[in-house]
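> First the structure, which I've put down as structure tokens, then a few questions once you've had a look.
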Amino acid sequence: MAIAVGHCHDLKPPAVRGRHYRPHSVAQLDRPLLDRDHQERNALSPQRRCLSSPCFTTVVARNSDDQSVEPADQDKKMPRVEIVAGRHARGVHALIAEAAGAIASGTRLVPAQGGLGGALLLKDGRSGEHVAVIKPLEDTSSPSNGGGGYESKAVLREVAAYLLDHDGFASVAPTAMIKISRPTMETTVASIQRFVAHDYDAGELGPSRFSVQSVHRVGILDVRLLNIDRHAGNILVKNRPTGNGTTSAAPLELVPIDHGLCLPEQLEDPYFEWLHWPQASRPFSSAELHYIASLDPFKDAEMLRAELPSLTEPAIRILTMCTVFLQRAAAAGLCLADIGDMMTREFSSAEEGLSALEALCKKAVDSIDTQSLKRASFGELSGEEWTTFLEKFEQLLPPAFEAKKSGPASH
């Protein structure tokens, strides 16, 4: 099969939905096989759609060096797949090649059970194993689609999470955004993510069996991305097999999925499932501290602007601020639980108060000559004001961290 691979940068996401719906993860399936080309696009109401289920799509690409080119008339009948975002990320081209092979074998796509956002599972036609999860973007040009606008931003953030997981530190599966063109059919824009084989999700097991390293690595990613939806259902558990075919009694490894609600455009109250797990209260290892210190939030911001130009500047600034916060907190000796607690809002007398992080941001903003942030969106600050804010913010951190360490335990 001939496949064309390219990239484009003109995808503009529509408006964001509210964040109050807590979606389930896409982990298993129990529905009959369904051919993608005949699937009902609007079988699920917008209110029931999952906003952060994993995103995946099928891809085929032509190799310019491939001498075994099919005839032109046959080539026109083949799907054409362009990589919209993530083309330079590790593992993406291998994933696309596998997905293309699965498509060429005539495999069918299976609707995922747990996620109600139209996520589909792609099987390998030969082995029968799942290859990828595919999630088409809503076609906002069609009035019959229910106006599910948040889907596109969720897809962008899925790709961003993978791009920011440097060296696979937190084990985010390879993810990209693609555009599929097929003869006599409308072009489809979707995301593709490698399917993660797993035994359970974290909600099915007690946290005592999870490795400290895995909990820390997922948590570090969530703090950087200000993940407002890290529930147990979107943490997969991999049971490492032993040589004799049985499962190992060693601590279990975790794989985070569903990052469609990370990198919000304003300060939000994150949800960290791991916050009160005992592993979160353990000190960071030297390797983890080295990784945190090596992060370059400004380089990451430039990378996102280049790879995902439709991702908004306020979301990118959230990444920068949260990474700085993580780095200074870890260097000051705070553990993951301390850091997560400072980012989480407090409740007293049935009222929601500011988190310690939000209070620090507000104080930093109030100290510069500008109007207070409306709904805590950093997009309202000019470039000069943003630089001044970060300077003021960092100056406020050392005493806040000392107060946290000397105060009552939060975990």
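The values are calculated or read from the model by the stated rules, or taken from the named source; none is laboratory data. Note that the structure is predicted; figures quoted are calculated from it, not measured. Here Cβ is always computed from backbone atoms with ideal geometry, including for glycine, and neighbour counts include all displayed protein chains. The protein model used for the area step is the full one, side chains on, heavy atoms only, and it has no ligands, DNA or RNA in it. Shrake-Rupley method; radii C 1.70, N 1.55, O 1.52, S 1.80 Å.
> Determine the share of region 184-227's accessible area contributed by carbon and sulfur atoms, expressed in whole percent, with a 1.4 angstrom probe.
Working: 760 of 1650 Å².
Carbon and sulfur together cover 46 percent of it.
> Can you pick out the pairs among K135/K299; K362/K404; K135/K179; K179/K299; K238/K299; K299/K405 whose Cα atoms lie more than 22 Å from each other?
Values: K135/K299 29 Å; K362/K404 18 Å; K135/K179 12 Å; K179/K299 27 Å; K238/K299 32 Å; K299/K405 30 Å.
From K135/K299; K362/K404; K135/K179; K179/K299; K238/K299; K299/K405, over 22 Å: K135/K299; K179/K299; K238/K299; K299/K405.
> Another question, if that's okay. Using a 1.4 angstrom probe with every protein chain in place, what is the largest-first accessible-area order of E288, E307? Spell out each step's value before the answer.
Working: E288 10, E307 35 Å².
Ranked from most to least accessible, the order is E307, E288.
> What's the local net charge at F325, with K and R +1, D and E -1, over the other residues with C-beta under 13 Å away? Display every interim value, and only then the final one.
On the way: positive: R224, R317, R328, K404; negative: D222, D338, D341, E358, E394.
Taking every other residue near F325 into account, the sum is -1.
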